[in-house]
Amino acid sequence: MDNKQLGVKIVGLVGGEANVNSLVHCATRLRFKLSDTSKANKQGLEEIPDVLTVVEKGGQYQVVIGNKVGKVYSEIMNNHNIAAGDSAGISKNEEKIGVMAKIFEYISGTFSPLIPAMAGAGMIKALLAILAIINWIDVDGATYAVLNAASSGFFYFLPIFVGVSAARKLNVNPFIGGAIAAGLLEPHFTALIKHSGDISFMTIPLVPMDYASTVFPMLIAMVVYAPLERFVKRYTPDTIQLFFVPMVGLLIMVPLTALVFGPFADFISSGIAAAVTFLMDKSAILTGVLIASIWPILVVLGVHWGVVPIMISNFSRGGDMIGPITAASTFAQIGIAFGIFLRARKNKDLRSLSFAATLSGLFAGVTEPVLYGLILRYRKLIPLVFIAGAVGGAIVATFNVKVFAFVFNSLFTIPAYTPMLGYIFGVGASFFTATILAFIFGTKGKKKGDSEEAMEEKTPSKAERESKGTYDLKTPLSGDIIQLKDIDDPVFSTGAMGKGVGIEPTEGVVTAPFDGEVVTLFPTKHAIGLVSDDGVELLIHIGLDTVQLDGKHYAAHVEQDTVIKKGDKLITFDIQGIKDEGYKVTTPVIITNTADYLDAIPSASSHVVFDDTILTIVK
């Protein structure tokens, strides 16, 4: 099928020319904005040999093609009346999707920097629980008090951290965000909670409440403060901006949060918590089944971040019951990985992946390698994780298990849950159910022949590798190596584009890793395609979804069709500038003609600099 025929077929399967509002492309995919996504035939698209996968994300319908995406895009634009870029109108449905995507991206971007501190504090709380159970620490002593402060201090002052992080996410002064939250935790203000009788602020009734450990009020407050700060800055002389802008921000936002945002957020979160409690009272089993079953879907879609603030708010309302139920889903995913590890005895690649994913889940509570590396890759596993999660979720809910601190669901955090025995029964049932189901049914990929047995045949033996020879691919940029499966983009992490690695760059410079030619340089400069003199085709994609920056923070030092020598400077980019825009700089380095080689083996190094090997290609 030539590029023109491919373009015509793709347009037809996304609902036809009339269903396309606009079209852009990046290094790997066509990005459609559709009037009605239900008219698109995803299965039909994925059955086209030239289409690697289809992804719906951020209001875009993305058809992943690979290296020749530019040529297919040109054929589509030449033969169809479709608007380029974002110039076309947006449907109401798409606008709604965009707003929701922005909300969850805002919450996710706010909490992501806080996760290490949240997890660390939660682990200390779990450790204290273990020490108290075995009577190795006096819960009334000074040692316990100090360590408890280390675990509880972060959560008590969480609004301040949320204010700082949310303000940073919205590109306004983060310390004013923290100061607004601090005002709500100031002792004279918190003393009003115990005040008897009516309280008012400038004749406006004030409902005093405890803001410690809350997050919703600050999330709402920062959305209002961001445009306020920009507005005040715009009309304030430079000579007084230093004090006037923060003064106005604090004068308006602290009372406004106390009078409006705090009570409103408390009403919403209390209502959701009450709804969950109501469902638990009506049928704990059904509630546990429902939450544990849908949790993996929420994680994949990224909307689980919208639930995390509710969990945290529940800590001050007698404990959170949602987190323990989601733990059943977590251990179901871990059980899936362990079951595949036991079954795939002959497939070293799959066995290694499943074993690493099992350890990651059991000891760190991180299950993304299971979700993206196994469950989404082998669709036969999806119903199995739902079933196993539902079994454990029902048990956890029946025991009314609660947690009082944010912890990752791992073996080490078991003592953080109460009653602990009910929690162990629940997550244990999920783990063993998933292990047994995965061992019995195994894997079957979404494409023909993509099973563990077929993979065994495709994996070359050591003797085959040695007989064919190898080629060491040098790194195009300095940074920390991350495994392909850990890249936060399923197009790359699933290997759909080819084998390779991700690099978390420490310097904003991309250099030529070999002698060859620039075959593709995108106008946005965020991605470049190279081919070596001996035929290795390489895609270097600087950042994730950075096509949206439209070239900002990037500078190209070569052009398309430029002949390059190893070490030539290709692209420079501003790491911090890209991060400040809200994008990740994780850089996938992909061999797009992987099928021409027996294997591509990642380097064992964790950090690379110029002239270090990142991949060994087996010819």
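The values are calculated or read from the model by the stated rules, or taken from the named source; none is laboratory data. Source: prediction; values computed, not measured. Here the Cβ positions follow ideal geometry from the backbone for every residue, glycine too, while neighbour counts run over all protein chains shown.
Inspection of segment 308-318 identifies at least one residue that is outside any helix (DSSP H, G or I) and out of contact with any Phe, Trp or Tyr (no Cβ under 6 Å at 6 or more places or on another chain). Are any of the residues in segment 268-275 buried (at least 19 other Cβ atoms within 10 Å of the Cβ) and in a helix (DSSP H, G or I)? Taking every residue of segment 268-275 in turn, at least one turns out to be buried (at least 19 other Cβ atoms within 10 Å of the Cβ) and in a helix (DSSP H, G or I). Take the residues of segment 553-596 that are closer than 19 Å to residue 485 by Cβ and touching a Lys or Arg at 6+ places or on another chain (Cβ under 9 Å): which is surrounded by the fewest Cβ atoms within 10 Å (Cβ to Cβ)? Across segment 553-596, the extreme among qualifying residues is 594. In summary, residue 195 fulfils each of the numbered conditions (1) in contact with a helix residue (DSSP H, G or I) (Cβ under 8 Å, 6 or more places away or on another chain); (2) surrounded by fewer than 13 Cβ atoms within 10 Å (Cβ to Cβ) with the single exception of condition (1). Just so you know, in segment 562-597 the residues that are among the basic types (Lys, Arg) and within 27 Å of the chain's Cα centre (by Cα) include one that is farthest from residue 533 (Cα to Cα), and it is 579.
Looking only at segment 328-339, decide whether some residue is assigned by TED's automatic domain parsing to the domain that holds residue 438 and either touching a strand residue (DSSP E or B) at 6+ places or on another chain (Cβ under 6 Å) or more than 18 Å from residue 434 (Cβ to Cβ) (or both). Taking every residue of segment 328-339 in turn, none turns out to be assigned by TED's automatic domain parsing to the domain that holds residue 438 and either touching a strand residue (DSSP E or B) at 6+ places or on another chain (Cβ under 6 Å) or more than 18 Å from residue 434 (Cβ to Cβ) (or both).
Screening 109, 120, 153 for residues that are assigned to a helix (DSSP H, G or I), in contact with a Lys or Arg (Cβ under 6 Å, 6 or more places away or on another chain) and surrounded by fewer than 20 Cβ atoms within 10 Å (Cβ to Cβ) leaves exactly one candidate, 109. With the requirement that a residue be outside any helix (DSSP H, G or I) and either surrounded by 17 or more Cβ atoms within 10 Å (Cβ to Cβ) or modelled with pLDDT of 90 or more (or both), what does segment 158-179 give you? Listed by number, the residues that qualify are 170, 172, 173. Of all residue pairs spaced 6 or more apart or on separate chains, those with beta-carbon atoms under 7 Å, a first member in segment 200-221 that is of a type outside the set (Gly, Ala, Ser) and a second member that is assigned to a loop (DSSP other than H, G, I, E, B) and buried (at least 19 other Cβ atoms within 10 Å of the Cβ) are 217/211. Can you list residue pairs whose Cβ atoms sit under 7 Å apart, with the first residue in segment 62-74 being of a type outside the set (S, T, N, Q) and surrounded by 19 or more Cβ atoms within 10 Å (Cβ to Cβ) and the second being modelled with pLDDT under 80 and assigned to a helix (DSSP H, G or I)? Count only pairs 6 or more apart in sequence or on different chains. Qualifying pairs under 7 Å: 64/491.
When we screen 580, 534, 574 for residues that are closer than 23 Å to residue 498 by Cβ and either at pLDDT 90 or above or among the acidic types (Asp, Glu) (or both), the only hit is 534. Do the conditions hold for residue 542, that is, is it farther than 24 Å from residue 595 by Cβ, surrounded by 23 or more Cβ atoms within 10 Å (Cβ to Cβ), in contact with a Ser or Thr (Cβ under 7 Å, 6 or more places away or on another chain) and in the same structural domain as residue 487 (by TED's automatic domain parsing)? For residue 542, the condition - farther than 24 Å from residue 595 by Cβ, surrounded by 23 or more Cβ atoms within 10 Å (Cβ to Cβ), in contact with a Ser or Thr (Cβ under 7 Å, 6 or more places away or on another chain) and in the same structural domain as residue 487 (by TED's automatic domain parsing) - is met.
Filtered by the rule that a residue be crowded, with 18+ Cβ neighbours inside 10 Å and either more than 32 Å from the chain's Cα centre (by Cα) or among the β-branched types (Val, Ile, Thr) (or both), segment 9-21 gives 10, 11, 14, 20.
Taking residue 288, is it modelled with pLDDT under 90, surrounded by 19 or more Cβ atoms within 10 Å (Cβ to Cβ) and assigned by TED's automatic domain parsing to the domain that holds residue 324?
yes
Of the strands (runs of 3 or more DSSP E) lying entirely inside segment 462-576, those containing at least 1 residues that are closer than 28 Å to residue 347 by Cα and of a type outside the set (Phe, Trp, Tyr) span 470-474, 479-482, 499-505, 537-541.
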